[in-house]
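I have placed the structure first, in the form of structure tokens, so that the comments after it can refer back to it.
The values are calculated or read from the model by the stated rules, or taken from the named source; none is laboratory data. Just so it is clear, the structure is predicted and the values come from calculations on it, not from any experiment. Cβ placement follows ideal geometry from the backbone for every residue including glycine, while neighbour counts extend to all protein chains displayed.
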Amino acid sequence: MVRRVRVSVSEKSPGSVAVEALAPSGWGPWRDWVRARKPSPFHTPEWLTIQARAFRGEPIAVAILEKGDVEDVIPMVVRTLGPFRVGSSPVHVGTPYGGTNRRPIDGGTARALAGLARTEGISFLDVYLDPRVVVSAPKPFHVEAQSTYVLALDREAEGILERVESRCRRAIRKATRLGVTARAMTVDDVPAYEAMAKDTYAKQGRTPPLPIDVVEAVLKEPGVRGHVLALIAEVEGRPLAAGVFPWGGDTIYYVDGVSFRSGLRYAPNNLLHWAVIEKAIGLGLARYDLVGASVGSIALFKRSFGAKVVPHSRIHWGTSAARVAYRAWTWKSRPSRKRGPAA
């Protein structure tokens, strides 16, 4: 049975917007929209399904309608956190952006989305927007400024290499000289990925925030695997570092990276990201979003490739009590601000 909840602001109100919450059995129009629009990888049914399964939530596609047709989609995972029903677009672990794919957040869209949240019994709704989504009239949502690093991709890798900081160029050449190579991951590499993830966070006494089930799913799910670069850097068959880089539209994204601390002297992370850049150029992509710019050492690493800081927005709505509960949960999942790849 399709659960379809329709909410619209007053027709007398300028910029009237209608939204519908579609359960998985009603995702046919969303799939048609994906085929026609070629959105980000995070705006596809397959990616939302993986997220909802990994974080034990209910997947909901919020369709924004224009004259009855799907104009944009907001993928959402709804979970119960204590007494609260919380909507996340996305669950901000391993998925950087949700919200609309391109549609601006104007007054009509914001009011309709908050109205749908009330109808769905959601106490708090948290949305991280792509840098290219403009927030013009967010009320009743609150807005927080965020930032990321984005690298513009030339048609030739040589042009990018000229803009790479000298320390990063040296690290790439060092890795190459020491025999480090990057190849596509397979399901057989999942245990090594999990071991590297544990080692990455061991210094802070924490467990990896991204469930290993997500990594395994992107390698197995046919609807996702064709739009993900999952690479592992190794030397003489020994794994050193690995990462997951989905792509869609004109952009590739860095969503997760792990490494063995004992192998950092080989500079595997630099070579791994350089391999991503070369492969992204081969795919005809125009942008590499390295996702995030707030963690000091990681920010320096991302900037070393010539990436520039780009702003984007987080918007959220809900009760004060639900906001406190959600903040406590996300704090537990947040990586240490000291962690970062080392050359």
- Selection from the stretch 234-274 of residues that are surrounded by 20 or more Cβ atoms within 10 Å (Cβ to Cβ) and outside any strand (DSSP E or B): Tyr254, Val255, Gly263, Tyr266, Ala267, Pro268, Asn269, Asn270, Leu271, Leu272, His273, Trp274
- Query: Quick one: is Tyr193 under 18 Å from His92 (Cβ atoms) and not assigned by TED's automatic domain parsing to the domain that holds Val93?
  - Reply: no
- Kindly indicate whether any position in the stretch 288-309 is over 21 Å from the mean Cα position of the chain (by Cα), more than 25 Å from Arg102 (Cβ to Cβ) and buried (at least 23 other Cβ atoms within 10 Å of the Cβ). no
- Qualifying positions in the stretch 182-202 - modelled with pLDDT of 95 or more, among the β-branched types (Val, Ile, Thr) and surrounded by 17 or more Cβ atoms within 10 Å (Cβ to Cβ): Val190
- Message: Can you tell me how many residues within the stretch 281-305 are under 17 Å from Ala152 (Cα atoms), not in a helix (DSSP H, G or I) and not aliphatic (A, V, I, L, M)?
- Response: 7
- Please specify each residue of the stretch 113-133 satisfying the condition of being farther than 18 Å from Val91 by Cβ and surrounded by 23 or more Cβ atoms within 10 Å (Cβ to Cβ). Leu116
- Message: Restricting to the stretch 27-42, give me the number of residues that are in a helix (DSSP H, G or I) and touching a strand residue (DSSP E or B) at 6+ places or on another chain (Cβ under 6 Å).
- Response: 4
- Message: Checking the conditions here, which among Leu151, Leu210, Leu219 is free of Cβ contacts under 8 Å to residues at least 40 places away in the same chain, surrounded by 16 or more Cβ atoms within 10 Å (Cβ to Cβ) and not acidic (Asp, Glu)?
- Response: Leu219
- Query: Restricting attention to the stretch 6-13, does a residue exist that is at pLDDT below 95 and among the aliphatic types (A, V, I, L, M)?
  - Reply: yes
